[in-house]
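First up is the structure itself, then whatever we jot down about it.
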Amino acid sequence: MVDLKADLVLVNGRIYSFDEGNRVFEALAVKDGKIIFLGSSRDVESLIGDNTLTIDLKGKTVLPGFIDTHIHFIGVGLSLSILDLRDVKSIDEFKGLVKKRVESLEPGKWILGRGWDQDKFSEKRYPNRWDLDEVAPENPVFLRRVCGHIAVANSLALKIAGIDRYTPDPEGGKIDRDENGEPTGILRESAMKLVWSKIPQPSLDDYVKAVELACNEALSHGITSVHFVSAIPEEIEALQVARSLGKLKVRVCLYISAEYLDELLVLRLKRGFGDDFIKINGVKVLIDGSLGARTAALRSPYSDDPSSMGILTMPIERFRDIVSRAHDGGLQVAVHAIGDRAVELALKVFSEVLSKNPRADYRHRIEHASIMSPELIKLMSDLGVCASIQPRFIISDFWAVDRVGPDRAKWVYPFKSMIEAGVKIAGGSDCPVDPLDPLYQIYSAVSRGKYDGIELYKYTYDECLTPIEAALLFTKNAAYIGFEEKIKGSLEVGKYADMIVLSEDPFSIDESRIKDVKVLMTIVNGEIVYKSIIESL
């Protein structure tokens, strides 16, 4: 006889289903990793058996598990072992952290780090190789800006990479130089690869450990699925090994670096290859840089640097070839495009490719879509192109108005306008660029810096989302742009039991407090994989 009793039952809660009617329930039951019941606490009693784990929520809120649609997943784990420069306020503090790391290492060992932002420095300038040489003359140093699109290297690192005054700028990149033509240590976009290629790469064990660390971090923030962008073969192998060891507790959709497109096509690996824990969705291709680094490709010059309109990181012909072959091969294409010139190029190429091969339900994506315009939004809607956006950038890009000026500020992260135009947008963190915290992302989409003194708010207050709209970015919408709306993103009978329990209801408290809501429990496939040690049910 088939056992109809549930494995897990939640009662006495406020369970937001995010189904078609946005219904709210008291109770939920799970069997074999899937939801089998939503309704009242009284009606679920018949499903409770001797072996059923029953949790009294005591009025706590349940949401579908968060889905992060843009994350460098293993990079999150690896970043935990390098210098964290995110909150550094001066060049002297920056140098002090490097000096402290030098004291713990042997000469010749690499010092890696990430997170600095020259706009936070009291000196308001870029760090350079001479700053680093003062504190690390015998250790090669490579420190990436918070955006990941600029790095600073010391003289020893430049020497190892063979970079001197005669080294030409690589295609899609730039080596900054002083008035005498000497490299300053600042490397932009593809120029970073000249040094990066010389740094000893992590071992398989290192990657597997990074998977475990990234999973733990994600689950603590209620993230049950991720869209892992720019994945490389070594990282994919580590995911498989971690899974075989029982250490992969988060579902992963892969967007593989476009440099491996040929291999995907030769093997005929189309979207959907894999299963519901590790699957291939498509390829990720990068065509411009970042606003913070002034390498995002704009249609008119930067307001705080009229000499620059940013960088297109690859020739248009190559980009068109990648999109065309990936589309024809049945893969979803995710294009990093921050500046309006880059977004315009991406949409133009999508339009060309679709006119030649109008394959149905392709859901190609723009990653970030930071600087938009009414005509670009309309074109996105007309083409059916989705966007993965990062609401917390509104807060972390506190200098955005300076970069683009008041006239363009209205179209910086215009989420409400995109939704109203029919563009399907979903949320991601871009971690380790920004912290891994969907509730802070939701807060950012709702408040747009109102409570943080962010200048952009006064230009874009009408782009604020409601808390429900913002939460959908990380649940239902996120499932859609990953082609998974039938199995996740909402709590409905038959869907996977991926859900989270929160300390408060983010939809009934003051919006300024949404960022302070805590994840008490994370459930994946009906299994409790995270419980808060600070506050519990």
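We did not get these values from a lab; they are worked out from the coordinates using the rules stated. Quantities reported herein were computed from a predicted structural model and do not represent experimental measurements. All Cβ positions, glycine included, derive from the backbone under ideal geometry; neighbour counts span all protein chains shown.
What's the exposure ranking of 215, 464, going from fewest to most Cβ atoms within 10 Å? Before the final figure, lay out each step's value.
Values: 215 24, 464 18.
Least to most surrounded, the residues fall as 464, 215.
Indicate, rounded to the nearest 5 percent, the antiparallel portion of the DSSP beta bridges found entirely in the chain.
Values: 37 of 81 bridges.
For the chain, the DSSP antiparallel bridge percentage is about 45.
Report the full-extension gain for the segment residue 206 to residue 458: residue separation times 0.36 nm, less the Cα-Cα distance, to one decimal in nm.
On the way: separation 252, 0.36 × 252 = 90.72 nm, distance 4.52 nm.
The residue 206-residue 458 span can extend by a further 86.2 nm.
When all alpha carbon pairs of region 81-196 are counted in 5 Å bins from zero, the resulting P(r) reads 2, 13, 25, 26, 20, 11, 3, 0 %. Of the options [x] 29.6; [y] 25.8; [z] 56.2, only one is mean projected area of the Cα convex hull in nm² as computed from these coordinates, and that is [y].
Quickly estimate the mean residue ellipticity at 222 nm for the chain, helices only: each DSSP H run with n ≥ 4 gives -39500 (n - 2.57), and the total goes over all residues, rounded to 500. Show your work: numbers first, answer last.
Working: 18 runs with 159 residues, N = 537.
Taking each H run of at least 4 residues, the total per residue is -8500 deg cm²/dmol.
How large is the charge dipole for the chain, taken about the Cα centre, if only the Cβ atoms of Lys, Arg (+1) and Asp, Glu (-1) carry charge, to the nearest 20 debye?
Working: 68 positive and 80 negative charges, 102 e Å.
Roughly 500 debye for the chain.
Shown for the chain are the DSSP H helices of 15 Å or more along their axis, judged by Cα atoms, with a mean Kyte-Doolittle hydropathy of at least -0.5: 91-102, 204-220, 233-244, 340-356. Over all orientations, region 426-534 has a Cα convex hull whose mean projected area works out to 8.1 square nanometres.
So which trypsin sites (Lys or Arg not before Pro) in region 354-397 pass both tests, a DSSP loop state and at most 15 other Cβ atoms within 10 Å of the Cβ? Loop-located and lightly packed - 359.
Cα centroids of region 177-221 and region 112-159: how far apart, whole angstrom? Between the Cα centre of region 177-221 and that of region 112-159, the gap is 13 Å.
Neighbour counts of other C-beta atoms within 10 Å: give me 175, 442 arranged from fewest to most. Don't skip to the answer; put the middle values down first.
Details: 175 21, 442 28.
So the ranking, lowest neighbour count to highest, is 175, 442.
Stretched out straight at 0.36 nm per residue, the stretch from residue 171 to residue 245 would grow longer than its current Cα-Cα span by 22.5 nm. Loop-located GluC sites (Glu not before Pro) in region 136-206 (DSSP state other than H, G, I, E, B) with a sparse environment of at most 15 neighbouring Cβ atoms within 10 Å: 138, 171, 179. Loop-located trypsin sites (Lys or Arg not before Pro) across region 151-192 with a Cβ neighbour count of 13 or fewer within 10 Å are 165, with loop assigned by DSSP. A simple spin-label model places pseudo-atoms 7 Å from Cα toward Cβ; at residue 130 and residue 42 they are separated by 8.0 nm.
Going from the fewest other Cβ atoms within 10 Å to the most, the residues 459, 260, 16 appear in the order 260, 459, 16.
Here the spin labels are modelled as points 7 Å beyond Cα on the Cα-Cβ line, and at residue 90 and residue 138 they lie 2.8 nm apart.
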